[in-house]
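One structure below.
Quick note: the coordinates plus some simple rules give every number you see, no bench work behind them. Only a predicted model underlies this, so the values are computations on that prediction, with no experimental measurement involved. Here the Cβ positions follow ideal geometry from the backbone for every residue, glycine too, while neighbour counts run over all protein chains shown.
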Amino acid sequence: MAMFPTKVKILHRLLQSRHPFWSSPSLGGAPCSRLVLGIETSCDDTGAAVLDETGEILGESLHSQKEVHLRTGGIIPTVARQLHRENIERVVQEALERSVTDPSRLSAVATTVKPGLGLSLGVGLEFSQRFVRQHNLPFIPIHHMEAHALTVRMLQPVAFPFLVLLVSGGHSLLAVARGVDDFLLLGHTLDEAPGDTLDKVARRLSLIKHPQCSTLSGGQAIELLAKDGDRMRFPFRTPMGQTYDCCFSFAGLRNQVNMLIMKKEAEEGIGQGTLLSCVNDIAAAAQHTVASHLAKRTHRAILFCKAIGLLPSSSPTLVLSGGVASNQYIRKALTLITDATGLRLLCPPAKFCTDNGVMIAWNGVERLREGKGILPPDVDVSYEPKARLGVDMTAEVKAAAIRLPSVRMKIPN
Ligand code: KG4
Ligand code: ZN
């Protein structure tokens with residue numbers, strides 16, 4: 001039974017691709033929806049997807065390099081580039097085949113061109129430019145963080161403006177999304193991203209040797225172990241308690257955790273590379289501190305937005321996305337804040353929080369609908385490893401110096 005709608009969809013697409021005139025509005029059929037191919041290679045996932053204008057995913061494919069990078073203890077850019085090169089052709093082909101879409105049926109190709117690892121972005125961009133020239137298709141360059149921010153709109157109606165917290169292995173930022181290409185940046189990380197911190201802590205704890213964690217990313221491993229840990233046993237300081245803005249910092253927390261690990265290794269008479277007996281408690285305390293820090297900065301961002309009227313009075317919304325947003329404990333911490341401030345919290349399911357071709361294709365759909373940022377196939381586009389999101393409002397946020405009312409971070413496990 002579950003196969004039925006898919007079969008109908010495939011049949012429908014077959015008819016459309018073989019006899020496109022059948023669905024032509026002039027012949028009385030339903031209007032033919034425009035299709036966008038999305039391509040993502042900004043970090044360690046090679047993703048592609050074909051979406052129609054309503055946001056229906058017609059076909060997708062994703063190749064993750066996670067396991068390779070787990071073994072080498074972090075992403076080596078040249079290795080990431082090589083793996084993207086080896087997989088991009090197949091991944092795009094699979095997405096097209098699964099959607100039963102011939103390239104000639106596409107209305108545009110949307111590809112991540114910023115920000116990200118230069119060598120990885122280069123593979124997707126080079127492939128895409130060749131592809132659009134070969135098939136004479138419009139090209140839509142995509143900002144990876146804009147795509148994360150807007151993915152939620154593919155899943156349910158969410159009107160602009162809304163507040164968004166994006167937390168991943170490469171980013172940590174708070175922004176107001178006001179339109180497809182209109183963002184106000186309220187806060188960003190001053191050093192590393194929370195996913196990066198959790199990945200590094202997991203590596204320092206050698207969690208890859210833990211029987212339950214060998215195939216998990218650092219963040220996933222910390223979340224799993226924290227479930228059986230006591231977060232009160234090692235109270236870490238929440239970062240930036242005396243800085244009244246919405247920026248983030250995680251390097252100091254990593255330092256606190258590393259110092260504790262060294263102390264515990266000395267106490268237990270073991271060296272680096274051996275699992276400590278208290279990994280669960282360290283994971284729980286580190287996760288709690290990351291969650292509290294994210295919650296407090298977000299709380300201030302909400303108060304700032306309210307103070308200057310950046311969010312609608314009816315149904316103001318916080319969207320949480322990025323790889324770290326799949327963490328249930330962090331979601332609960334943010335729920336405490338949205339409950340206290342009267343916001344609705346929306347968080348896409350985990351598979352749409354992490355990197356994939358779908359979110360890029362969706363951003364392409366949004367831009368195509370509005371006619372924004374669509375280029376002819378022959379225009380040369382460069383990738384940009386560093387690219388801020390939107391208009392920088394961090395100085396205004398800092399100047400407002402908003403003090404937070406106390407909210408007890410009693411987060412259920
Ligand atoms: O968005 P993403 O797939 O890639 C980018 O960084 O752009 O996010 C990957 C990051 C990794 O750092 C990973 O450790 C983290 O998201 N992550 C998590 C969880 N799942 C993935 N962090 C905390 N809890 C999780 N459940
Ligand atoms: Zn991402």
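If you take every residue apart from THR341 with its C-beta less than 12 Å away from the C-beta of THR341, what net charge results, scoring Lys and Arg +1 and Asp and Glu -1?
Values: positive: ARG300, LYS306, ARG344; negative: ASP339.
Net local charge, THR341 excluded: +2.
Can you tally the net charge around CYS213? Count Lys and Arg as +1, Asp and Glu as -1, for every other residue whose Cβ sits under 14 Å from the Cβ of CYS213.
Taking every Cβ under 14 Å from that of CYS213, the sum is +2.
State the antiparallel share, in %, of DSSP beta bridges confined to the chain, rounding to the nearest 5.
Roughly 55 percent of the beta bridges in the chain run antiparallel, per DSSP.
Which order, highest average first, do 375-381, 39-45, 123-129, 288-294 follow once you tally other Cβ atoms within 10 Å for each residue and take the mean per peptide?
On the way: 375-381: 12.3, 39-45: 27.9, 123-129: 22.3, 288-294: 24.3.
Descending mean neighbour count gives 39-45, 288-294, 123-129, 375-381.
Give me log10 I(q)/I(0) at q = 0.09, 0.11, 0.12 Å⁻¹ for the chain, Debye formula, one equal scatterer per alpha-carbon, no solvent.
Debye output, listed in q order: -0.58, -0.84, -0.98.
Which order do the peptides 296-308, 356-368 come out in when sorted by mean C-beta neighbours inside 10 angstrom, highest first? Walk me through the numbers on the way to the answer.
Details: 296-308: 20.9, 356-368: 28.2.
Those peptides, ordered most packed to least, come out 356-368, 296-308.
Quickly work out the GLU370-to-ASP230 label distance, labels modelled 7 Å from Cα along the C-beta direction, and quote it in nm with one decimal.
5.2
Would you work out if region 255-392 is rounded, prolate or oblate? Take a ≥ b ≥ c from the square roots of the eigenvalues of the alpha-carbon gyration tensor; rounded if a/c is under 1.5, else prolate when a/b is larger than b/c, oblate otherwise.
The shape class here is oblate.
How many angstrom separate the Cα center of region 302-348 from the Cα center of region 48-87?
Going from one Cα centre to the other spans 29 Å.
Rounded to the nearest 500, what is the 222 nm mean residue ellipticity of the chain from helices alone, with -39500 (n - 2.57) per DSSP H run of 4+ residues and division by all residues?
Helices in the chain give a 222 nm mean residue ellipticity of -13500 deg cm²/dmol.
Over what distance in Å are the Cα centres of region 95-135 and region 233-279 separated?
After rounding, the separation between the Cα centres reads 42 Å.
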